[in-house]
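Asks: Got a structure here, written out as structure tokens. Questions coming.
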Amino acid sequence: MSILNKVGKYLAKNNVTVLFVILCLLAYHYSTFTLPTLFEELFIRIGRNTFLVLSLLIPIIAGLGLNFGIVIGAIAAQIAIFVVVLFGGSGFTGILWAVAICTPLAVFFGYLVGSLFNKMKGTEMIGGLVAGFFSDGIYQFIFLFMLGGVIVVNAPDLMIATGVGVRNIINLDGNLRQAIDNMPMINIIDAAFYAITAICAILIIFRLAKKRDLQIKKLLKAFLPVAILWAASWIPAVGAFMSAPRLLLLYAIEFGVAGAVIYQLWKIFASKVLDKNPELPKMRLVYMGVAGGVYAITFIPAMYEALSMVNLPVLTYLIIAALYMFIPWFMNTKLGQDMRTVGQDRAVATSSGINVNKVRIIAMIMSTVLASYGQIISLQNIGTVATYGSHIAVGLYSIAALLVGGASVQRATTKQAVLGIVLFHTMFILSANAGAQLLGNAQIGEFFRVFAAYGVIAVALAMHAWSRRKGGQTLGLPAATVVVPAKPPESGSK
Amino acid sequence: MDSIKRAVNSFGLPRVIILAFFVFLLGMAAFYDLGIPALLGDVIRRWGMFGILVLAMVPAIQSGIGPNFGVSIGIIGGLLGSLISIEMRDMGYFEATANPEVVSVIIALIFAIVFAGIFGFLYGLLLNRVKGSEMVVSTYVGFSMVALFNIMWLLLPFRSGTSIWPIAGEGLRTTISLADDFGGVFNDLLAFELGDMSVPTGLLLVFFLCCFLVWLFTQSRIGMMMRAAGSNPNFARAAGINVNKMRVLGTTLSTILGGIGIVAFAQSFGFLQLYNAPLMMGFTVVASVLVGGASVVNARIFNVLLGTFLFQGILTVAIPVANQMVPEGNLSEILRMIISNGIILYALSKSREATR
């Protein structure tokens, strides 16, 4: 009974997620998609959008709610890409240029939006939405009239035939298209090896000069795995395998499982033999069992077929993984803790000496910069920029995806982001086809997925406002009055 | 100097800028010799077209739910009413009547009020549960309704040849001509020409009548109670006013005005626009009333009259002027985005103390 209760509570708490799981299963059942085609499409979309969705997390934790203003970050990315294409940048260098150009832009935009949000505390979300539309207007004004109209741009490929205004579509073929996705693994490993060697060398020299403890063991732990990989890449067979830019999902899982098993075995070995720990390492065995289970799944014929269809762009997924690990790490730093405090209670934050306005602006800057990188990743994968369209839906679909994963206006984790992307995009891929099969009209499915995106956001916002009010009432105080004492020190920036 | 500053402050800096911009545009139009009277006629027509939709903001703001970004819900009610009226005309119900156009618009209005009233009531109940976040919730509830009705327009059993796609394709058309129904029924009523300037007298009369009725309502006992509930809920509660009920009343009224507004809009435009057309309407409408000097907690009829005139005036005059300066492009649409969203941002940033 208690288990049933728990399950019931879990389902009630994650109602949106559960509803989407059911929707996805139903859509899969009725659609003509097979598992391999679904997986192929799904993993393309995961690579495209995860970075963008992860860029939403920091403002949520800092109490700014869902950042509808990531559209502005996307705009920064598109400006940067336009400039790079205009000056003939291409390949990975072109991407680096785009990053170099969009970072200061995004920092500046993030600062502006953050400052604006400090003037509208409590209405940041509608403010972000409107600020996104406003920026879109300015962006269109610049791209349709200023460029060519006032600023002379000599690039017939990019401009409308009259010479005034940028074309609807910027084609990235031959310059930035999949420049991140197509980075060969061997180059990544080379770069990683040189980087870690340089870092270790610098640290050792620094510590020698300051006469500090060298901590060789720690350095080796980071250096050895990379060095072993690098050394292995010199074996001709391995090198040939690594010169490809993509990794079959099947291999990725096998490597992951092998890595996990080796790691656990090493830990067991270390605790049993080196530390002479008498306890049986139960958890480690469980982990190994799970890894074995995952490996076993790949032997199911349907799964095997699907997994051997999907090619992961390695560098893209590594970048996403890096951000995935960065955010929890960042939240444990001093600044991250400050953000958490500000997000929970601005009054407490102010009284403990945190500059609330500054922390909020930093959160907005980080989110905007990350969103601009996310848009670069997304656009280089798609290979074309819809000059006046690519940025518009970014906010809507990213936020909907995050909420589908079980996040709320105040709480969101990296895990929820990934789960949300998988579910939301599964629904997104299947809905048109399922609608066509079920109701004889593909358009219904297309409209349905837009409705689902808006509906999920509306429900999440309403639930948030509702629960906040309920919470305030049980305290016997309207929620807003709790915040009032914080006002005098806070309004210093006005 | 100080008195000028104070005057500017009380009028509001953005309004000074917008007014100056409007005058500048008119000057440019005169400079390019674009025919000011005809342009002014256009401005007046669009003033009447958007007027009632903007008027829908007044009960919403006064009852305390803030600018009603979800006015698209009322618009959908109005569209449903119009579609039913078309359907009834198609079945021949109005043939026997002396003036089928007038009957059709009245039927459209009645059904618009019924549907918008039902939607508005439910929407008001929802907004009572999300106090403090009405703006963002209403925006997304409005978006969701538009998206939901995108599906409904495909599925609803309308059969009139005017409304559905002729041969291929399913569901209702994206734009439906009102030429056989109530297109221009208000506009042509008592319309006259003043040189090049055509004045849609009937449309303006309907607009002013609605304004007068809303004003009358706000002066009535229940209207006063609603305003009290909006401006100071705690005080109103102490005085024995049921604040939640008043908010539902304000929301319902606002939604109904949205429904009436779109019927007036469509008859002037000559077409019903379905699917995503109402999606961003809420923003245009909210911006109009803010341009007129309203804030997110305070709005009067005067704000509606002034704001709609200025906002539509700029957009109307900007098109030919911009076409003279830059050969192509839809500057008007961009201008609408920048002005409407800029003014909303301004109002939000000023409302900090008020929303606390």
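Asks: Whose amide H sits under 5 Å from the amide H of A:LEU248, counting only residues 5 or more places off or on another chain, with H placed in the peptide plane?
Replies: Here A:LEU312 satisfy the definition.
Asks: Still on this structure, please answer the following. Per-residue mean of other chain beta-carbon atoms within 10 angstrom of the beta-carbon, peptide A:269-279? Show your work: numbers first, answer last.
Replies: Numbers: counts 0, 0, 0, 0, 0, 0, 0, 0, 0, 0, 0.
Taking all residues of A:269-279 together, the mean is 0.
Asks: What net charge do the residues around A:LYS13 carry, taking every other residue with its C-beta under 14 Å from that of A:LYS13, with Lys and Arg at +1 and Asp and Glu at -1? Display every interim value, and only then the final one.
Replies: On the way: positive: A:LYS6, A:LYS9, A:ARG411; negative: none.
That works out to +3.
Asks: Considering every residue in A:446-455, what mean count of other chain Cβ atoms within 10 Å of its Cβ is obtained?
Replies: Working: counts 2, 11, 4, 1, 8, 9, 2, 4, 11, 7.
If you average over the peptide's residues, the count of other-chain Cβ atoms is 6.
Asks: Mean shadow of the protein assembly as shown, computed from the convex hull of its alpha carbons, in nm²?
Replies: Working: hull surface 183.2 nm².
Averaged projected area of the protein assembly as shown's Cα convex hull equals 45.8 nm².
Asks: Further question: Hey, if you drop one equal point scatterer on each alpha-carbon of region A:175-233 and run the Debye formula without solvent, what base-10 log of I(q)/I(0) do you get at q = 0.17 Å⁻¹?
Replies: -0.64
Asks: Just want to confirm a number: the relative contact order over region A:126-225, from Cα pairs under 8 angstrom separated by 6+ residues, in percent. Show your work: numbers first, answer last.
Replies: On the way: 41 pairs, mean separation 14.7, N = 100.
Once normalised by length, the contact order is 15 percent.
Asks: Related question: How are the alpha carbon pair distances in region B:88-127 distributed across 5 Å bins from zero to the largest one, expressed in percent?
Replies: 6, 23, 19, 16, 11, 9, 8, 6, 2
Asks: Span-like helices, chain B: DSSP H, alpha-carbon axial extent 18 Å or more, mean Kyte-Doolittle -0.5 or greater, which ones? It would help to have the intermediate numbers written out before the result.
Replies: Numbers: long enough: B:13-31 (27 Å, 2.35); B:36-55 (27 Å, 1.37); B:72-90 (26 Å, 1.07); B:100-129 (44 Å, 1.95); B:134-155 (30 Å, 1.54); B:201-219 (26 Å, 2.17); B:243-269 (38 Å, 1.03); B:301-325 (35 Å, 1.50); B:331-350 (28 Å, 1.10).
Helices meeting the span and hydropathy rule in chain B are B:13-31, B:36-55, B:72-90, B:100-129, B:134-155, B:201-219, B:243-269, B:301-325, B:331-350.
Asks: Just to be sure I understand: if I project the alpha-carbon convex hull of chain B onto a plane and average over all orientations, what area do I get in nm²?
Replies: Details: hull surface 81.9 nm².
Reported value for the Cα convex hull: 20.5 nm².
Asks: Among A:LEU402, A:LEU38, what is the fewest-to-most ranking by other Cβ atoms within 10 Å?
Replies: Details: A:LEU402 30, A:LEU38 22.
Listed from fewest to most nearby Cβ atoms, that is A:LEU38, A:LEU402.
Asks: Right, here's the next one. Only helical DSSP H runs with n ≥ 4 go in: add -39500 (n - 2.57) per run for chain B, normalise by residue count and round the 222 nm mean residue ellipticity to 500 deg cm²/dmol. Mind dumping the intermediate values first?
Replies: Working: 15 runs with 249 residues, N = 356.
Value at 222 nm, helices only: -23500 deg cm²/dmol.
Asks: Highest mean first, how do B:74-80, A:94-100 rank when packing is the count of other Cβ atoms within 10 Å averaged over residues? Before the final figure, lay out the partial values.
Replies: Values: B:74-80: 29.9, A:94-100: 18.7.
Ranked by mean Cβ neighbours within 10 Å, highest first: B:74-80, A:94-100.
Asks: Using a 10 Å cut-off on Cβ to Cβ distances, tally the other chain neighbours for every residue of A:116-129 and report the average as a whole number.
Replies: Working: counts 3, 2, 2, 7, 8, 3, 7, 12, 2, 6, 15, 6, 1, 9.
Average neighbour count from other chains, rounded to a whole number: 6.
Asks: Using only DSSP helix segments of four residues or longer, with each worth -39500 (n - 2.57), what per-residue ellipticity at 222 nm results for chain A after dividing by its residue count and rounding to 500?
Replies: -23500 deg cm²/dmol
Asks: Under a Cβ-Cβ cut-off of 14 Å, what is the net charge of the residues other than A:ILE95 that fall near it, where Lys and Arg count +1 and Asp and Glu count -1? Intermediate results must be reported in sequence, preceding the final value.
Replies: Details: positive: A:ARG177; negative: A:ASP181.
Net charge in that neighbourhood comes out at 0.
Asks: While we're looking at this one, here's another question. State which stretch of chain B is the longest one without any exposed GluC sites (Glu not before Pro), exposure meaning a DSSP loop state and at most 15 other Cβ atoms within 10 Å.
Replies: Values: sites that count: B:GLU95, B:GLU170, B:GLU328.
Of all site-free stretches, the longest is B:171-327.
Asks: If we count every other residue with Cβ under 14 angstrom of A:LYS282's Cβ, Lys/Arg +1 and Asp/Glu -1, where does the sum land?
Replies: +2
Asks: Translational diffusion coefficient of region B:1-111 at 25 °C, 0.890 mPa s, Stokes-Einstein with Kirkwood Rh over Cα pairs, in µm²/s as a whole number.
Replies: Working: Rh = 18.3 Å.
So the translational diffusion coefficient is about 134 µm²/s.
Asks: Assuming R0 = 30 Å, can you tell me the calculated FRET efficiency for the pair A:ALA155 and B:GLN324, based on Cβ-Cβ distance, to the nearest 0.05? Don't skip to the end; give the middle numbers.
Replies: Values: r = 26 Å, r/R0 = 0.88.
Calculated value: 0.70.
Quick note: the coordinates plus some simple rules give every number you see, no bench work behind them. This is a predicted model, so every value here is computed, not measured. Positions of Cβ are backbone-derived with ideal geometry, glycine not excepted, and every protein chain shown enters the neighbour counts.
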